[in-house]
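Following: one structure in structure tokens, then a few remarks.
The values are calculated or read from the model by the stated rules, or taken from the named source; none is laboratory data. Keep in mind the model is a prediction, meaning the values are calculated, not measured. All Cβ positions, glycine included, derive from the backbone under ideal geometry; neighbour counts span all protein chains shown.
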Amino acid sequence: MKLKKIGVSILSGALAMMILGGCGSSESSSDAQSDPGTSQQTESKTDESKGDESVAEGYLEKFNVKLLGRTYYNDGALWLGLSGTGADFDFTGDTLKINMIGNPAGMDSQPRVAVYVDGERKDEQLVASDGTVFEVKGAGDKAVNVKVVKISECANSCCEILSLDAGGGTITPAADKPHKIEIIGDSITCGYGVDDEDKEHHFSTATEDCTKSYSYKTAQLLDADYSLVSFSGWGIISGYSANGKKVESQQLPKYYEKYGYTFNVGFGNEKPENLSWDFSRFQPDVVVINLGTNDATYAKTKEKKAEYHDAYIDFLKTVRKNNPNARIYCALGIMGTELNKTVHSVVEDYTAETGDSNIAAFDFPQQNMQEDGIAADWHPSDKTHTKSAELLAAKIKEDMGW
């Protein structure tokens, strides 16, 4: 396998970066929240009952890292699918090589990965034909923190960490944070187009970055370990609809209990949508659901809003079953408030039906494009994401006493 090298060096506490090989550029090919790549979907005959708890233990045994999000170990490598998945660890030694490879179906679907060394970052897109080596120059006997994060979403492509070569040094898992949060959402949660300030541009993994989304930023403000479950264009009962017809193929609740969903190839010979997630691996203190922006393109009548309302309550029961102790927030509003009142009624009616009061609705202010800018396909800017994260984090801190 031909490898492109990226050098990342720690010098007097600062990060020096040197790129020795270029990365492919990406062009847009799909609409903002359309149904991208549906024609590329393939069926998998993977056994859904396959367990993954021992898989996680095996990975920890081999690489000794803290896992981020719904990672999947298969054939000696760690697969990253959903936004924000990755590995977090401390490295002591001279040189660390992180060997990775992606499985994109095209140039605008290359998985994008960020590597942080003591908080300083380098990001790169991974291609299928060539592997990529992130080379980290360590600080000898002083440990440096290394974090590998997949910053593009699962629907378009996955990638894998093939190996971590410590060169005689040591790798230990990063310490757990005091809190845990899961955020479930759509393109806003994925950080769609946040690195592209032209609202007329469309989707590309090259301009998507979940670490600039309100989701990742909220976790950072809360000092929380996180798990993100998000897909651009998806909703509770319908994905983005350009003609008012329901897009049933993009209903997130169908895949909430899975490792993800991809229109392209998945985890090698596995498909994330056919693998059941073991919720015991990550029990959050807080779950945030931010779904409804795409449903709103379909649910324009009283009857359709009632359908959204009822399906949302059913989804809340699924979320609660898998996260029995978490406080749940049903959030909406950054890209439109058409269904905010319905979300409030969902929370009220769910509590009345189940007696579960550990839940609340949360209204995001709608984005102010004139004041805070705009990103690709009218998506939130980095500034809007930051403001939204600050508001959500403040509410959670107040409620949780953090």
Whichever residue in the range 52-75 is closer than 11 Å to GLY268 by Cα and of a type outside the set (Asp, Glu) and, among such residues, is modelled with the highest pLDDT:
TYR72
All conditions in (1) in contact with a Phe, Trp or Tyr (Cβ under 9 Å, 6 or more places away or on another chain); (2) hydroxyl-bearing (Ser, Thr, Tyr); (3) within 28 Å of LEU252 (Cα to Cα) are true of SER163 except (3)
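Output the residue which, of all residues in the range 205-237 that are among the hydrophobic types (A, V, I, L, M, F, W, C), within 14 Å of the chain's Cα centre (by Cα) and part of a helix (DSSP H, G or I), is surrounded by the fewest Cβ atoms within 10 Å (Cβ to Cβ).
ALA219
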May I ask you to say which residue of LYS383, LYS387, LYS395 is buried (at least 19 other Cβ atoms within 10 Å of the Cβ), assigned by TED's automatic domain parsing to the domain that holds VAL247 and of a type in the set (D, E, K, R)?
LYS387
Take THR297 and decide whether it is within 25 Å of the chain's Cα centre (by Cα) and hydroxyl-bearing (Ser, Thr, Tyr).
yes
Within the range 345-368, count every residue that is over 12 Å from ILE328 (Cα atoms) and touching a residue at least 24 places away in the same chain (Cβ under 8 Å).
10
Considering only residues of the range 267-284 that are in contact with a Leu (Cβ under 9 Å, 6 or more places away or on another chain) and over 20 Å from SER249 (Cβ atoms), which is modelled with the lowest pLDDT?
PHE267
Can you tell me which residue is surrounded by the most Cβ atoms within 10 Å (Cβ to Cβ) among those in the range 62-94 that are under 18 Å from GLN125 (Cβ atoms) and out of contact with any helix residue (DSSP H, G or I) (no Cβ under 6 Å at 6 or more places or on another chain)?
LEU80
Identify, by number, the condition in (1) among the β-branched types (Val, Ile, Thr); (2) surrounded by fewer than 20 Cβ atoms within 10 Å (Cβ to Cβ); (3) free of Cβ contacts under 8 Å to residues at least 60 places away in the same chain; (4) within 30 Å of TYR72 (Cα to Cα) that ILE328 doesn't meet.
(2)
So in the range 251-279, with the set limited to residues that are assigned to a loop (DSSP other than H, G, I, E, B) and among the hydrophobic types (A, V, I, L, M, F, W, C), which one is surrounded by the most Cβ atoms within 10 Å (Cβ to Cβ)?
LEU275
All conditions in (1) within 20 Å of THR293 (Cβ to Cβ); (2) part of a loop (DSSP other than H, G, I, E, B); (3) of a type outside the set (S, T, N, Q) are true of ILE184 except (2)
Just to check your reading of the model, which residue among PRO365, PRO324 is under 21 Å from ILE188 (Cβ atoms), in a loop (DSSP other than H, G, I, E, B) and not aliphatic (A, V, I, L, M)?
PRO365
Under the condition of being touching a Phe, Trp or Tyr at 6+ places or on another chain (Cβ under 9 Å) and of a type in the set (Phe, Trp, Tyr), which residue from the range 361-389 is farthest from HIS344 (Cα to Cα)?
PHE364
Checking the conditions here, which among THR293, THR342 is assigned to a loop (DSSP other than H, G, I, E, B), in contact (Cβ under 8 Å) with a residue 40 or more places away in the chain and of a type in the set (Val, Ile, Thr)?
THR293
Search the range 158-187 for residues being within 12 Å of ALA224 (Cα to Cα) and among the β-branched types (Val, Ile, Thr), and hand back the single one that is surrounded by the fewest Cβ atoms within 10 Å (Cβ to Cβ).
ILE181
If we ask which residues in the range 238-250 are under 16 Å from ASP310 (Cα atoms) and in a loop (DSSP other than H, G, I, E, B), their number turns out to be 2
So LYS305 clears everything in (1) in a loop (DSSP other than H, G, I, E, B); (2) in contact with a helix residue (DSSP H, G or I) (Cβ under 6 Å, 6 or more places away or on another chain) except one condition, right? Which one?
(1)
So, of the residues in the range 308-328 that are among the charged types (D, E, K, R) and more than 19 Å from TYR255 (Cβ to Cβ), which turns out to be nearest to the chain's Cα centre (by Cα)?
ARG327
